[in-house]
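Novice: This is the structure I have questions about; it appears just below.
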Amino acid sequence: MPKKVSRRSFLKRFFGTLLTTVGLSVGGYTYAGRIEPKLLKINKYQISHLDIPVDFENIKIIQFSDTHLGFQYTLEQLQELVEEINNHKPDILFFTGDLLDEPNKYGEFERVISILKKLEAPFGKYAVYGNHDHGGYGTDIFKRIMEESGFTLLLNDSIKIEKNAQSSIYLLGIDDAMLGRPDISAALANVPDEAYKILLSHAPDLADNAANFNIQLQLSGHSHGGQIQIPLLGALVKPPYGEKYYEGFYTVGEEKPLTLYVNRGLGTTRLPFRFLSVPELTIFTLSRK
Ligand SMILES: [Fe+2]
């Protein structure tokens, strides 16, 4: 005989479920809007490859990405981030695009420069354009901010990093895929094929093309790890050129595979929320296998 549910226990159960649902929604909303965007996860990885010269063993690289200043990420957060990065004493520093959310509407350029200037890396600070850095007539603004902050902007270009006069690796940087003109061949023009190469590309999905050029490592941003991840369903939003590869490590290509790492970035765009996609700072240590 099925148990008869009394009116009182039915109401109790109904309001209990309702309160739990509302509570979870309000809690989730507060968490995704106010708590998770302020967190910082520091991921540490070792990158091993036989092409890495012995002299580059234990070289420390830090990558940060997608701050989108002016939307939700604040100058105070940037200031704290810079202190955090300097505490880890990187040898090389990379910014993989999307510094300001809307460059032409942002008026604090000098403050951004004074903060980014404090970043220290003995082998240099390097940056590439993201789509938001080109958007809103941002191209020249981004160039000025990064160069005045001591960053070298790699625009379809490369730079040789030398250690102990006879050992070197190459850094390559390409333009953004959505609003720029990325050209991997141009970036490789002065790079010996046998060199260990690290490619910076805001857009992760360009890895499919990069894998044809004997590039060993690509570091990207852009996707924000989906920014909002729904349990069991995954990333809510995957932008163009960040649809196939949107978070973490991937191996791309077969003959000479490229290792791709997609950083989740630090800020937000379009929606001021992050859920199960905590802002990230990534520390890589190079190692010869
Ligand atoms: Fe972004």
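Novice: Would you confirm whether any residue within the stretch 181-201 is in a helix (DSSP H, G or I), in contact with a Ser or Thr (Cβ under 7 Å, 6 or more places away or on another chain) and within 27 Å of Val112 (Cα to Cα)?
Specialist: No, that holds for no residue.
Novice: Count, please, the residues in the stretch 239-261 that happen to be among the aromatic types (Phe, Trp, Tyr), in a strand (DSSP E or B) and either open to solvent by 60 Å² or more (accessible area, probe 1.4 Å) or over 16 Å from Asp66 (Cα atoms) (or both).
Specialist: 2
Novice: While we're looking at this one, here's another question. With the requirement that a residue be within 16 Å of the ligand (Cβ to nearest atom) and part of a strand (DSSP E or B), what does the stretch 76-134 give you?
Specialist: Within the stretch 76-134, Phe94, Phe95, Leu100, Ala127 meet the criteria.
Novice: Can you name the residue in the stretch 142-181 that is open to solvent by 30 Å² or more (accessible area, probe 1.4 Å) and within 16 Å of the ligand (Cβ to nearest atom) and is also farthest from the chain's Cα centre (by Cα) among such residues?
Specialist: For the stretch 142-181, the residue satisfying everything is Leu179.
Novice: If you go through the stretch 105-132, how many residues are small (Gly, Ala, Ser) and under 21 Å from Ser220 (Cβ atoms)?
Specialist: Qualifying residue count, the stretch 105-132: 4.
Novice: Right, next: Say we look at the stretch 67-111 and pick out the residues that are of a type in the set (Gly, Ala, Ser) and touching a residue at least 12 places away in the same chain (Cβ under 8 Å); which of these is farthest from Lys41 (Cα to Cα)?
Specialist: Gly70
Novice: Report, by residue number, each residue of the stretch 262-289 that is assigned to a loop (DSSP other than H, G, I, E, B), surrounded by fewer than 23 Cβ atoms within 10 Å (Cβ to Cβ) and at negative phi.
Specialist: Scanning the stretch 262-289 gives Thr269, Leu271, Pro272, Phe273, Val278, Arg288, Lys289.
Novice: Next question. Quickly run through the stretch 48-75 and pick out the residues that are within 16 Å of the ligand (Cβ to nearest atom) and under 15 Å from the mean Cα position of the chain (by Cα).
Specialist: Selection gives Gln63, Phe64, Ser65, Asp66, Thr67, His68, Leu69, Tyr73.
Novice: How many residues does the stretch 235-285 hold that are within 13 Å of the ligand (Cβ to nearest atom) and among the small types (Gly, Ala, Ser)?
Specialist: Result for the stretch 235-285: 4.
Novice: In the set Glu57, Glu80, Glu120, which member is open to solvent by 30 Å² or more (accessible area, probe 1.4 Å), over 21 Å from Leu281 (Cβ atoms) and not hydrophobic (A, V, I, L, M, F, W, C)?
Specialist: Glu57
Novice: Does Asn87 qualify as being surrounded by fewer than 10 Cβ atoms within 10 Å (Cβ to Cβ), within 30 Å of Lys163 (Cα to Cα) and either of a type in the set (Gly, Ala, Ser) or at pLDDT 95 or above (or both)?
Specialist: For Asn87, the condition - surrounded by fewer than 10 Cβ atoms within 10 Å (Cβ to Cβ), within 30 Å of Lys163 (Cα to Cα) and either of a type in the set (Gly, Ala, Ser) or at pLDDT 95 or above (or both) - is met.
Novice: Would you mention how many residues in the stretch 189-228 are without any contact (Cβ under 8 Å) to a residue 60 or more places away in the chain, open to solvent by 10 Å² or more (accessible area, probe 1.4 Å), within 15 Å of the ligand (Cβ to nearest atom) and more than 14 Å from Thr251 (Cα to Cα)?
Specialist: 1
The values are calculated or read from the model by the stated rules, or taken from the named source; none is laboratory data. Remember, it's a predicted structure, so these values are computed and weren't measured experimentally. All Cβ positions, glycine included, derive from the backbone under ideal geometry; neighbour counts span all protein chains shown. The accessibility values were calculated without ligands, DNA or RNA, using every heavy atom of the protein model including side chains. Shrake-Rupley method; radii C 1.70, N 1.55, O 1.52, S 1.80 Å.
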